[in-house]
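Each remark here refers to the structure printed beneath this line.
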Amino acid sequence: MRTTITTSYKTAAEHISNGQIVAFPTETVYGLGANAFDGAAVKKIFTAKGRPSDNPLIVHVADIGQIASVVSSMPRYAEKLIEEFFPGPLTLVLPKNKKISSLVTAGLTSVGIRIPNHLIAKKFLKECSVPVAAPSANISGSPSPTTWQAVKSDLNGRIPCILKGNPSQIGVESTVVDCTGNTPVILRAGGVTLEQLRKIIPSTRLQKRQQTISKSPGVKYRHYSPMAYVFIVSNMTETVPLKSSAYIGLHNNEKNQFGLKKICRTEAEYARSLFHFFRECDKKDIETIYCESVSEDGIGLAIMDRIRKASYQ
Ligand code: AMP
Ligand code: MG
């Protein structure tokens, strides 16, 4: 299959109308989308990515008006979260509307929904005029793509179209919040922090890992992994500086020579750079990547989640 790489959101939307799949930019990571009402189109996403069929997809819409075609009901606290955080890096899990293909939700009765805060994504989604189911646009298990080049390196020849945009500004996926119970429960940490959510709904809590797996089966898989071994370190002296090893973190030690090194000024920069860094390491045949641990507040919670998942062997 030939992969068209385009800057035209109209060309990309035509693919969706024709039952095809398209990669598109968002502020979190690049997504791989299909018409969420069209089971045959959605199936192509799972095939292209090699994604297990029990891992549900997030449905993306252009505006609040489209939410009613995706979900069947919503508690008052979810309305408040939408008012505060949509558009943005937040996915709400709500009871699904029957028009949404059950392939999208991996057979669950709930559906994840999000409005990206990204100009091209919003223009593209508006032009599609249907909700677009989209997981990250990478081969299943590899680091999520934060650039169109990363999408190309994973999916060239496997998908018909890539909508080109700038590198993703947030760089980690959305926060997934279960809104099917009495209070919001975070299933996956991401771009919107626990602290931000608690300011609006103070009862918001984190789900424990085992319970998360039953609610959100996809999280049990090995994720976000480069080819290299990933180690989490709290201190530079725990590292073995070699040409074949790499380091990403907030602190620098001039003495340590690595094959590749990324010193981030802030946690936000760390989150934005992480998946791109993993991919750069793979290109350079790095064998070991040391990731500095950060405190699990703010975006630090999502960084630690991603580097832990990347470090499971
Ligand atoms: P990805 O976009 O590749 O990061 O994958 C989407 C993730 O969203 C899944 O792995 C789940 O964790 C979550 N998700 C999507 N829909 C649901 C749902 N209906 N219930 C629970 N979690 C969901
Ligand atoms: Mg993914």
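Each value in this text was obtained by applying a stated rule to the coordinates, not by laboratory testing. These numbers were taken from a predicted model, which means no experiment stands behind them. Neighbour counts run over all protein chains shown; Cβ positions are idealised from the backbone, glycine included.
A few remarks follow.
- Charging the Cβ of each Asp and Glu at -1 and of each Lys and Arg at +1, and nothing else, the dipole of the chain about its Cα centre rounds to 600 debye.
- Using C-alpha pairs under 8 Å with a sequence gap of at least 6, the mean separation divided by the residue count of the range 53-151 gives a relative contact order of 38 percent.
- Burial ordering of 225, 244, fewest other beta-carbon atoms within 10 Å first: 244, 225
- When restricted to Cα atoms, the chain yields an Rg and a Dmax of 18.9, 60 Å, respectively.
- Between 0 and 90°, nearest 10: helix 39-49 axis offset from the chain longest Cα axis: 10
- When the chain is described by a simple charge dipole with +1 on each Lys and Arg Cβ and -1 on each Asp and Glu Cβ, the residue from 36, 18, 193 located farthest towards its positive end is 18.
- Neighbour counting of Cβ atoms within 10 Å sorts the residues 72, 101, 168, fewest neighbours leading, into 72, 101, 168.
- Anisotropy class of the range 120-199 from Cα gyration tensor, a/c 1.5 cut: prolate
- Neighbour-count ranking [beta-carbon atoms within 10 angstrom, fewest first] of 71, 59, 233: 233, 71, 59
- Net lengthening on full extension, residue 156/residue 18 (0.36 nm per residue, minus Cα-Cα): 47.7 nm
- In this simple spin-label model, placing a label point 7 Å from the Cα along the Cα-to-Cβ direction at both residue 149 and residue 295 gives a separation of 3.6 nm.
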